[in-house]
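Laboratory data are not the source of any read-out in this text; all were calculated from the coordinates shown. If you're wondering where the values come from, they're calculated on a predicted model, not measured in any experiment. Cβ placement follows ideal geometry from the backbone for every residue including glycine, while neighbour counts extend to all protein chains displayed.
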Amino acid sequence: MAEQSLSLTRRGFGLGAAALGLLPFKALAEQAKPGKVFLDYTQKELDDAYDQNVWAKNAAEVIKRYGTSSEAIRAKYKFETKAYGEGEDNKLDIFAPVKAPPAAGAPVHLFVHGGAWRGGRKEMYSFPAPTFAENGAIFIAIGFSSIPKVRLPDMAHQVRSAVAWAYKNAKSFGGDPERLFLSGHSSGGHLCGVALVTDWSKYGVPASVLKGGLSVSGMYELDPVMMSARSSYVKISDEEKGALSAMRQLDRIACPVTLAYGDGESPEFKRQSRDMAAALKAKVKQPAELIEVKGVNHFEIIETLGKPDGALGKAALKQMGLVA
């Protein structure tokens, strides 16, 4: 098993033994080189590695495109908004397939948006809908609260509740409850990972509720994240940090998982995806795939989910069995 470990010193390559569960996670900080706070990062370098705005100078422009594109999609495609729980933020935007779904129901793709856990709205993330609606699937943009209105554990609970609601109510909106798939981007990628390791018995749905996961540019071990400047607004206990680190609970993964990141992202977001993929392949029986999308940064990559021939669009449709 030790032969499968990766380098513990090369930034952006992997944490190796720690990622594969061979070292205790509390040992991660102890791998820091002299004068560094984590691996070979200074504090500023680690802060920058978890701030994608440092690496994507066009972030504001791309995020604006999300909204503009989504507004056009919402005007063109049929959708309805449903509440999955109490509270103004606990709502879903459900986009129907262009063609009537079969009697058994259409496959359902649920999406968790990003925003550094403190921003974003479901209305800005309608732009992926055509990829699914035009290929016989239902697309759902999950709405949820963010920091400081709620805490990170509350956000995870909201996403899990939305998935459980979709399973229990799929038939009411033309969906097949046995074909639910989940994706997420950035902090939504983190929440997607957390959802994939959920004890679903607590939500009254089967362990196999999700048939596939597509986590894009996410974070799967929160130790280094909480050593960065993000800890100034993400306040969680050590117990919560462990519970919200998907890499520590891989035995709960019950479906194939695809991980993706852009080649223009920060080294830590690349490493997190690579280490998660390595851990899945080493410890989980479910299929795992890692995709590096060329020519895109952290914010541009998710736009490819809105194109059936885009890197993420193709990956999602393939996972759902809608394309070869």
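Of all residues in the range 48-92, those that are within 19 Å of the chain's Cα centre (by Cα) and part of a strand (DSSP E or B) total 2.
If you go through the range 121-171 and keep only what is under 20 Å from Gly313 (Cβ atoms) and among the small types (Gly, Ala, Ser), you end up with Ser126, Ala129, Ala133, Gly136, Ala137, Ala141. Test Leu182 against the criterion of being within 25 Å of Asp263 (Cα to Cα), of a type in the set (A, V, I, L, M) and touching a residue at least 12 places away in the same chain (Cβ under 8 Å), and give yes or no. Judged against the criteria, Leu182 is a match. Yes or no: the range 68-79 includes at least one residue that is touching a Leu at 6+ places or on another chain (Cβ under 7 Å), surrounded by 19 or more Cβ atoms within 10 Å (Cβ to Cβ) and either under 30 Å from Glu268 (Cβ atoms) or in contact (Cβ under 8 Å) with a residue 24 or more places away in the chain (or both). Among the residues of the range 68-79, not one is touching a Leu at 6+ places or on another chain (Cβ under 7 Å), surrounded by 19 or more Cβ atoms within 10 Å (Cβ to Cβ) and either under 30 Å from Glu268 (Cβ atoms) or in contact (Cβ under 8 Å) with a residue 24 or more places away in the chain (or both), which makes the answer no.
Sub-7 Å Cβ pairs linking a first residue in the range 265-281 that is assigned to a loop (DSSP other than H, G, I, E, B) to a second residue that is hydrophobic (A, V, I, L, M, F, W, C) and surrounded by 23 or more Cβ atoms within 10 Å (Cβ to Cβ), at least 6 apart or interchain, are Ser266/Ala49, ordered by first then second residue. Can you name every residue in the range 178-205 that is more than 21 Å from Pro128 (Cβ to Cβ) and part of a strand (DSSP E or B)? Once the filter is applied, which keeps residues that are more than 21 Å from Pro128 (Cβ to Cβ) and part of a strand (DSSP E or B), the range 178-205 yields only Glu178.
For the range 215-240, a residue qualifies if it is crowded, with 20+ Cβ neighbours inside 10 Å and farther than 24 Å from Asn53 by Cβ, but none of them does. Every listed requirement among (1) closer than 16 Å to Tyr66 by Cα; (2) buried (at least 17 other Cβ atoms within 10 Å of the Cβ) is met by Ser146 save one, (1).
In this structure, is Asp275 farther than 26 Å from Ser208 by Cα and among the acidic types (Asp, Glu)?
Values: farther than 26 Å from Ser208 by Cα: no; among the acidic types (Asp, Glu): yes.
Spelling it out, it is not the case that Asp275 is farther than 26 Å from Ser208 by Cα and among the acidic types (Asp, Glu).
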